[in-house]
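The values are calculated or read from the model by the stated rules, or taken from the named source; none is laboratory data. Please read these numbers as outputs of a predicted model, since none were measured by experiment. Here the Cβ is made from the backbone with ideal geometry for all residues, glycine too, and neighbour counts use every protein chain on show. Side chains are part of the model used for accessible areas, which takes the heavy atoms of the whole protein and leaves out ligands, DNA and RNA. Shrake-Rupley method; radii C 1.70, N 1.55, O 1.52, S 1.80 Å.
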Amino acid sequence: MNFAHPTYSDLFRQIERQNERIAQIDRFTPPSPLLITGITGVAGYNALAYFQSRFPGKVFGILPPDTIGFSAPDCYICNMEDLSELRNIFDTAKFRSVLDCAGNCALKACQLDPKIAWSLNVDVIQNLVKLTRHYGIRLVHLSVDMVFGGRPGGGYREDESPCPVNVYGQTMVEGENAVASEDPTALTLRISMPMGLSFNGHAGAIDWIGARFKMNRPATLYYDEVRTPTYTDCMNRIFRIFVGNETSGILNCGGPRQVSLYQMAQIINRVGGFSPDLLFGLMKDESCPVPPRVSNCGLDSSAMERLLGFPPFDPWPWDERFMPTSRDWHYHRQPGEQGSVAQINQVLNLNPNYTDCH
């Protein structure tokens, strides 16, 4: 089995070969130059590859000064907590639109150091929105489903009040508030778990869980933390639409299928062909987790569907055969069934309904 992690160039070529399923998006062109922040995260990394493949020479990223091993072109090095440093880049580049994917989603680190969490998840967006508002730049800001703490059935709508249960969720709420108060023309998209490649091979749900299994290490996931994961393939097209129009306010950006963290690990385990004995599950109350974990914070994205006139997201996983039906589902493999890391990339990192790379 080849465990080599795909490079940025690999991801770029994969996206170049993807088919456009929804013809309507072709008419949406982001005002350029476009800046994408948070490109070391899964959502931002995949968005940068998508937009740079579609609009070469017109899309730029921002990297923190201490980033190692990031190979994408056209990236500025900047500490976004420094307003004057960020302003200098804006003055030089003359951006006309910004897709803000920045933020620190390290739950434990945020909980143990709220000051750092506030700096990265609130101060940075305050700096950014001051500049986009001042220069009249289109801003689409990404928030998260974890502004909600969870409830039976999930299904949170945009008009419901946030109720975060940990510092990360609290700071993301404050980031939403900063955007709304400073720039009423901006749009906030609440994403769930972005399913796609990470640049370093061990960030994000798929790569983190897969990396554990690759190294023959166990992974323990919660039965009762439920999310609405979304292929980054789907998200990129939605980002293109909304960066390219004038929709404002808040919209949910979660997939149509609710999946628990344990089920995600089952899927990765079986699709990747790893030992089923490496996966363990528990209820979050059994572990007294730090930070406090959400329960079911699944998003209801029907408002976006009504606005667009078509379903914005395919379910993750796209193929119903890969959706667990029991807690031991990953043990029950068919004769001759052979998973692989390549298959993880083909059907979990990439949406088979969007690409010819399968």
Exercise for the section: Might you let me know whether segment 205-214 holds any residue that is part of a strand (DSSP E or B) and either in contact with a Cys (Cβ under 6 Å, 6 or more places away or on another chain) or open to solvent by less than 10 Å² (accessible area, probe 1.4 Å) (or both)? Expected result: no
Completion exercise
Of (1) open to solvent by less than 30 Å² (accessible area, probe 1.4 Å); (2) touching a Leu at 6+ places or on another chain (Cβ under 7 Å), residue 248 satisfies every one except (1)
Handout entry: Positions within segment 70-96 being within 15 Å of residue 38 (Cα to Cα) and touching a residue at least 24 places away in the same chain (Cβ under 8 Å), in sequence order
Key = 70, 71, 72, 75, 80, 81, 86
Fill in the blank from the handout: Quick count over segment 329-344, residues being more than 11 Å from residue 271 (Cα to Cα), exposed (fewer than 15 other Cβ atoms within 10 Å of the Cβ) and touching a residue at least 24 places away in the same chain (Cβ under 8 Å), is 1
Problem - Some residue of segment 120-142 being touching a residue at least 12 places away in the same chain (Cβ under 8 Å) and among the small types (Gly, Ala, Ser) - result: no
Practice task
Find the residue count for segment 23-69, including only residues that are farther than 23 Å from residue 351 by Cβ, open to solvent by 30 Å² or more (accessible area, probe 1.4 Å) and not in a loop (DSSP other than H, G, I, E, B).
Solution key: 1
Exercise for the section: Starting from residues that are within 24 Å of the chain's Cα centre (by Cα) and of a type in the set (D, E, K, R), keep the ones in segment 251-287 and report whichever is surrounded by the fewest Cβ atoms within 10 Å (Cβ to Cβ). Expected result: 284
Exercise for the section: Evaluate segment 226-241: report whether one residue or more is surrounded by fewer than 18 Cβ atoms within 10 Å (Cβ to Cβ) and either touching a residue at least 40 places away in the same chain (Cβ under 8 Å) or over 30 Å from residue 131 (Cβ atoms) (or both). Expected result: no
Practice task
Just need a number here: residues in segment 70-111 that are outside any loop (DSSP other than H, G, I, E, B) and open to solvent by 70 Å² or more (accessible area, probe 1.4 Å).
Solution key: 5
Practice task
Look through segment 303-328, keep the residues that are small (Gly, Ala, Ser) and exposed (fewer than 14 other Cβ atoms within 10 Å of the Cβ), and return whichever of them is nearest to residue 252 (Cα to Cα).
Solution key: 309
Fill in the blank from the handout: Inside segment 293-335, the number of residues satisfying the requirement of being farther than 19 Å from residue 234 by Cα and either at pLDDT below 90 or of a type in the set (Ser, Thr, Tyr) (or both) is 4
Exercise for the section: For segment 158-191, enumerate the residues that are assigned to a loop (DSSP other than H, G, I, E, B) and closer than 25 Å to residue 237 by Cα. Expected result: 158, 159, 183, 184, 185, 186
Handout entry: Tally, over segment 147-175, of residues that are open to solvent by less than 70 Å² (accessible area, probe 1.4 Å), in contact (Cβ under 8 Å) with a residue 60 or more places away in the chain and farther than 21 Å from residue 135 by Cβ
Key = 15
Fill in the blank from the handout: Per the filter on segment 121-136, residues closer than 20 Å to residue 32 by Cα and either crowded, with 18+ Cβ neighbours inside 10 Å or hydrophobic (A, V, I, L, M, F, W, C) (or both) are 128, 129, 131, 132
Exercise for the section: Take residue 120 and decide whether it is over 20 Å from residue 292 (Cβ atoms) and within 21 Å of the chain's Cα centre (by Cα). Expected result: no
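Yes/no per residue for (1) over 21 Å from the mean Cα position of the chain (by Cα); (2) closer than 20 Å to residue 250 by Cβ:
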{"position": "133", "(1), (2)": "yes, yes"}
{"position": "138", "(1), (2)": "no, yes"}
{"position": "148", "(1), (2)": "no, yes"}
{"position": "188", "(1), (2)": "no, yes"}
{"position": "209", "(1), (2)": "no, no"}
Practice task
Just name the residue that is surrounded by the most Cβ atoms within 10 Å (Cβ to Cβ) out of those in segment 185-204 that are modelled with pLDDT under 95 and touching an Asp or Glu at 6+ places or on another chain (Cβ under 9 Å).
Solution key: 197
Problem - residue 130 in a helix (DSSP H, G or I) and modelled with pLDDT of 95 or more - result: yes
